[in-house]
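What follows is calculated from the coordinates using simple rules that are stated; it is not laboratory data. Since the structure is predicted, the reported quantities are computational estimates derived from the model, not experimental observations. Every residue, glycine as well, gets a Cβ built from its backbone with ideal geometry; the counts of neighbours run over all protein chains shown.
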Amino acid sequence: MNTFKWSSSRVLLVGFCGLVGVLLMGPTLIVVPLSFTSEKSFRFPPEGWSTQWYENFFTDPNWYESALLSVRVGLAVAVLATVLGTAAAVALSTGRGAWRGPANGFMLAPMIVPGVITAVGIYYVFLNFGLTQGFWGFVLAHTVLALPFVVVAVSASLNGLDKALVTAAWSLGANRWAAFRQITLPLIAPGILTGALFAFLTSFDEAIVSLFLSGPFARTLPIQIFQSVTADIDPTIAAASTMLLATTGFFMVVLGVITVSRNRR
Amino acid sequence: MSQHGVALEISGLTKRYGDVTALAGVDLSVAPGEFITFLGPSGSGKTTTLNAIAGFIEPDEGTIDLDGRSITGVPPWKRDIGVVFQNYSLFPHMKVSSNVAFPLRQRRVPKREMAKKVDEVLEIVGLSHLADRYPRQLSGGQQQRVALARALVFGPKLLLLDEPLGALDKRLREGLQLEIKRIHREVGVTFVFVTHDQDEALVMSDRIAVFNEGHLEQVATSQELYEHPETLFAAQFLGDSNVIHGTLESRGDRHALRVGDRAFEVMDPRGAAPGSEAAIMIRPEDLVVRPVDRESPVDHDGKTTPAEVTEVIYLGGRRRIVLSALGQEFIADEMSSVHDHKPGDSVVVTWSMGQARLVSTD
Amino acid sequence: MSVSVTATDESPDAQTARGRPSIVRRLSRRPTTLLIWLPLLLLAVCFAYPLLQMFRLSFTDFVGSTSGVFGNYLWFLGTDTQMTILRRTFAVAGWVTLMCLILGFPYAYLMTIVGPRMRLLMVGVVLLPFWSNLVVRTFAWVILLRDSGPVQSLLHAIGIDDLRLLGNTVGVTIGATQVLLPFLILPLYAALSGIDRSLLTAAHSLGARPAVAFVKVYLPLAVPGILAGTSIVFILTLGFYFTPALLGSPRNSLVAQQIVTQVSELLAFGRGSAIAFVVLIITFVVLGLVGLVTRRYRRSFETGLDL
């Protein structure tokens, strides 16, 4: 690695990139100070500080119920998408034959198709199934969107796994299931955990499908925020956003720790 | 062990991958307690045979019997065959003791007995003090010994070793070769050892099975194979050799190989028909190199040829003389230097008739 | 003891194996393959089936005077307001892509030449927006770009007074650029870090001025990465709903808003689906073209190097 040398053009470059960095971070972080404002306005910077908007969040059922729904859906999606995605990744990695390519492509398709299109289709079908405005509707739809991330994460783990270890386990008396449980599963656990976190985050952040599936009886936190923005000016939005940011940030840090510790292994 | 006197019986083993024939009818018997080595270049079928014995691949044709019972179609985990892999394949998330206990856990061996067996086998491979380490904390040689212990602890009917020393450096290899020999003697299990290293095969084996292009060239003891190779491939793959190609001529009891206007005598045509293409093989240490001038003229007696020295290489205990004769290259190894040869010297190369072996060339 | 148990276990197996492998055995050879069916079933029911239904609806579900198999498509492609929306969407997507490239390329380039610590920090800054929800970040832009917001105060301070930033495509472009910038920087950085920088040094040593060497040697090698990053941004902008919904106005709506309006407000599933499929086709065309161009480009490069 050659060391960084300063020159006038490099100073210009670094300055420009500093501004880009501010552009990237600023709008992400601005909700944090706004959530502690003392007035019912989005004046920036705030004139005084309070935690009243957090209080409001936890006392207004519109807010805390949508947050609770988001967490419950996210956890269910994490479980469902992780189990199904891991199963798919294992089948794709151990299977042979021409079906693997198309199957893999199909598994990843929900990542490529624009969300608004998937949303319309799911909305129409779920209307017929009576799955809108309900817990399971959100869970199924979000699982579809989260599945590709789990498949990718677990597949990466499986590709890094030495297949000879499984063969060795067979020769030592472990049948397919015993070898999978005792050898494969513990060794791909970091990938599965990564996939689970991605699945949770995908569900927790998902908005466009949720927009169609939400209604007066059930809406997720991002939809509650969206509808508050269009309806009334209330810094509770900032408080909710800050908590959303903190939750996602927490899981991102966990993800980072997993990645780092895996690389160190 | 077995009432048949045969531990492993392979017959007609064939495996094809598309148009490629990996194994073309391999037949082999291995005696109980024997140490047999599969020797051959990569792609010769030795590892395919091993994988078929272990049950990792299914042969297209042929049968494999272990202790008189067919194991064709039996999954690997029910075969009771220990396998030591090239890259050890120790389970990275388990300590040495858990790795070694793994096959016992699969067999639901009681805890107390399991601990005893693990201790015993770690004792045999000399790693008792490392039982609580993880594989990544061990050296390559130590990992290899753990792999050996793990494959032996459940009392396998057969132990397969797939190029187990391939990843180690030369000095460590030589130490472990003797170590594996010792363990073989100690446990008395039948060992099948796969390698592409001829020296390793010579050092370790009771018998060597030479593989080439999916079939067996020859199965014999090290000495037999070195001194009486049956095929050109076996002769050339095991040890260094000088090979002269020609046509077989027979007059009564006397046989000779004709090469242009020269005829080299051979003792035993080994059933080869007169007029067929054949070759004689002479080991480098069986060639005697003399200066051409003073004492003797070049006699054309069927076991002598004039040659020119092209290079002299010092190899520690011996000298290797590279020669040019009959339009090809010869090598001769001398233990002591009676004559001082230099590149460009004209010399005479002689051998005794018993040391020129006829080998088939197909 | 354990040995005798396995010995009795294996005899029936060994006997069936003497004949041809049975169907049961062939199926059980790779039982893990069967695991694929459950996730495939979910995707089939909750992803493929909905898309197929939309495809059907786009040809069968009509509102108003529209009719005929291709009625919904003809309506979309033949209505001036709809075409204006589609053109506006393309224009916004083009601007967003261009802005992302202008802002993202120097950033990605700098990432390839700084030390590992600095690079980690820069990656962190790029990934930070992913911590935040799309709706939340768009909401932040509502606050920033408001008439009484900080950006307007800044503009006022330097003498610009009558530039409206909210409720038109300017705001949408700004918001979408910020949201999508990471999607350009990350793949571009991956591509740029694969370029052998010693080629630049070589060009310098052959007498090329740094700027010339950069344009003639570095940029051509960066084209595949640029194409990858910009095509992602372009496609994602086509599908954007929340950003134009919050930062734009109904009079300046984009195609995704039109889909949502048709479906959830007018219940015109046929029309909404037809628009959706046009967008989907455009998406695949863009992806296909970029793939084709990249492959052509790489090939011409390889043969070019042979000369």
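Would you compute, from DSSP H runs of 4+ residues alone, the mean residue ellipticity of chain C at 222 nm, taking -39500 (n - 2.57) per run and dividing by the full residue count, rounded to the nearest 500? Numbers along the way, then the final one.
Details: 16 runs with 226 residues, N = 307.
Value at 222 nm, helices only: -24000 deg cm²/dmol.
I need the calculated FRET efficiency for the pair residue B:132 and residue A:49, taking r as the beta carbon distance and R₀ as 51 Å, to the nearest 0.05.
After rounding, the FRET efficiency stands at 0.40.
Provide, in order from the shortest bin, the percent of all Cα-Cα pairs of the stretch A:95-171 in each 10 Å bin, continuing until the bin that contains the maximum pair distance.
15, 34, 27, 15, 8, 0
Taking neighbour counts of Cβ atoms within 10 Å as a proxy for exposure, in what order, fewest first, do C:216, B:342 appear?
Lowest to highest Cβ neighbour count: B:342, C:216.
Restricting things to alpha carbons, tell me how big the protein assembly as shown is in terms of Rg and Dmax, in Å.
Calculated on Cα positions, Rg and Dmax stand at 37.8, 121 Å.
Could you sort C:50-60, B:148-158, C:132-142 so that the peptide with the highest average Cβ count within 10 Å comes first and the rest follow in order?
Averaged packing, sorted descending, gives the order C:132-142, B:148-158, C:50-60.
If you count, for every residue in A:160-170, the Cβ atoms of partner chains within 10 Å of its Cβ, what is the mean?
Shielding by partners across A:160-170 averages 6.
Which value in Å does the Kirkwood hydrodynamic radius of the stretch A:1-152 take, with 1/r averaged over all unlike C-alpha pairs and then inverted?
20.4 Å is the Kirkwood radius here.
Just from its helices, what would the mean residue ellipticity at 222 nm be for chain B, if runs of 4 or more DSSP H residues each count -39500 (n - 2.57) and the sum is divided by every residue, rounded to the nearest 500 deg cm²/dmol? If you can, show how the numbers build up before the last one.
Values: 8 runs with 84 residues, N = 362.
Result for chain B, helices only: -7000 deg cm²/dmol.
Which lysines have a Cα lying under 30 Å from the Cα of residue B:342, excluding residues fewer than 8 positions away in the same chain?
Of all the lysines, those that pass the test against residue B:342 - Cα under 30 Å, at least 8 places apart if same chain - are B:303.
Provide the convex hull volume over Cα atoms per residue for chain C, in Å³. Mind showing how you got there, number by number?
Values: hull volume 96.1 nm³, N = 307.
So the per-residue hull volume is 313 Å³.
Taking 25 °C and 0.890 mPa s as the conditions, I'd like the Stokes-Einstein D for chain B in µm²/s, using the Kirkwood hydrodynamic radius from alpha carbon pairs.
Values: Rh = 23.1 Å.
Here the translational diffusion coefficient equals 106 µm²/s.
About its Cα centre, how strong a charge dipole does the stretch A:32-264 have in debye, to the nearest 20, once Lys and Arg get +1 and Asp and Glu get -1 at the Cβ?
1180 debye
Per residue and in cubic angstrom, what volume does the convex hull of the Cα atoms of the stretch B:57-177 have?
Roughly 127 Å³ of hull volume per residue.
Fewest to most neighbouring Cβ within 10 Å: what's the order for C:145, C:163?
On the way: C:145 21, C:163 10.
The most exposed by this proxy come first: C:163, C:145.
Would you mind working out the magnitude of the charge dipole of chain C relative to its Cα centre, with +1 at each Lys and Arg C-beta and -1 at each Asp and Glu C-beta, to the nearest 20 Debye?
Numbers: 23 positive and 12 negative charges, 146 e Å.
The calculated dipole for chain C is roughly 700 debye.
If the chain between residue B:346 and residue B:267 were fully stretched, how many nm would it gain, using 0.36 nm times the residue separation less the Cα-Cα distance? Before the final figure, lay out the partial values.
Values: separation 79, 0.36 × 79 = 28.44 nm, distance 2.83 nm.
So the extension gain works out to 25.6 nm.
Quick one: Cα centre-to-centre distance for the stretch B:3-75 and the stretch A:97-140, in angstrom?
Rounded to whole Å, the Cα centres lie 49 Å apart.
List every residue whose amide H lies under 5 Å from the amide H of residue B:22, counting only residues 5 or more places away in sequence or on a different chain, with H placed 1.01 Å from N in the peptide plane.
Result for residue B:22 returns B:15, B:16, B:17.
Counting DSSP beta bridges with both partners in the protein assembly as shown, what percentage is antiparallel, nearest 5? Intermediate values should be presented prior to the final figure.
Working: 63 of 82 bridges.
For the protein assembly as shown, the DSSP antiparallel bridge percentage is about 75.
Within chain C, which DSSP H helices have Cα atoms that stretch 20 Å or more along the helix axis and a mean Kyte-Doolittle hydropathy of at least 1.0?
Once both thresholds are applied, what remains is C:80-113, C:116-131, C:169-192, C:219-238.
Only Cα pairs within less than 10 Å get springs; with that Gaussian network setup on chain B, which residue of B:23, B:160, B:323 has the largest fluctuation?
B:323
Expressed as a whole number of Å, what is the distance separating the alpha-carbon centroids of the stretch A:177-232 and the stretch B:76-109?
Value for the Cα centre distance between the two parts: 38 Å.
Any chance you could give the angle, 0 to 90 degrees and rounded to 10, that helix A:100-112 forms with the longest Cα principal axis of chain A?
That works out to roughly 0 degrees.
Please compute, for peptide C:144-155, the average count of beta-carbon atoms on other protein chains lying within 10 Å of each residue's beta-carbon.
Shielding by partners across C:144-155 averages 2.
Tell me the mean residue ellipticity at 222 nm calculated for chain A from its helices only (DSSP H runs of n ≥ 4, each -39500 (n - 2.57), averaged over every residue, nearest 500).
Roughly -25000 deg cm²/dmol at 222 nm, from the helical runs in chain A.
Residue C:81 to residue A:258: FRET efficiency via 1/(1 + (r/R0)^6), r the Cβ-Cβ distance, R0 41 Å, to the nearest 0.05? Let's see the in-between values first.
On the way: r = 50 Å, r/R0 = 1.22.
For residue C:81 and residue A:258, the calculated efficiency is 0.25.
Once Lys and Arg get +1 and Asp and Glu get -1 on their Cβ, which of B:356, C:285, C:127 lies farthest toward the positive end of the dipole of the protein assembly as shown?
After comparing all options, I get C:127.
Can you give the angle from 0 to 90° between the axis of helix A:8-29 and the longest principal axis of chain A, with both taken from C-alpha atoms, to the nearest 10?
Approximately 80 degrees, to the nearest 10.
In terms of the ratio Rg/(2.2 N^0.38 Å) built on C-alpha atoms, what value belongs to the stretch A:121-222?
Compared with the compact-globule rule of thumb, the stretch A:121-222 sits at 1.47.
What is the P(r) of chain A, as percent of Cα-Cα pairs per 5 Å bin from 0?
1, 5, 10, 12, 13, 13, 12, 11, 9, 7, 4, 2, 1, 0, 0
By average Cβ neighbour count within 10 Å, what is the ranking of C:232-239, B:302-309, A:167-174 from highest down?
In decreasing order of mean packing, C:232-239, B:302-309, A:167-174 become A:167-174, C:232-239, B:302-309.
Taking GluC sites (Glu not before Pro) as candidate sites, keep only those in a DSSP loop with at most 13 other Cβ atoms within 10 Å, then name the longest stretch of chain A containing none of them.
Numbers: sites that count: A:39, A:47.
Formally, the longest exposed-site-free interval is A:48-265.
What does the average come to when, for each residue of peptide A:210-223, you count the partner chain Cβ atoms lying within 10 Å of its Cβ?
Partner-chain Cβ atoms within 10 Å, mean over residues of A:210-223: 1.
With the cut-off at 1.5 for a/c, could you classify the stretch A:190-265 from its C-alpha gyration tensor as rounded, prolate or oblate?
Details: a/c = 4.80, a/b = 2.07, b/c = 2.32.
It is oblate, given that a/c is not under 1.5 and a/b is not larger than b/c.
Could you tell me the calculated FRET efficiency between residue C:168 and residue A:12, based on Cβ-Cβ distance and R0 = 51 angstrom, to the nearest 0.05?
The computed FRET efficiency comes out at 0.95.
For the protein assembly as shown, build the charge dipole from Cβ charges (+1 Lys, Arg; -1 Asp, Glu) around the Cα centre, then report which of A:27, A:59, A:185 sits farthest towards its positive end.
A:59
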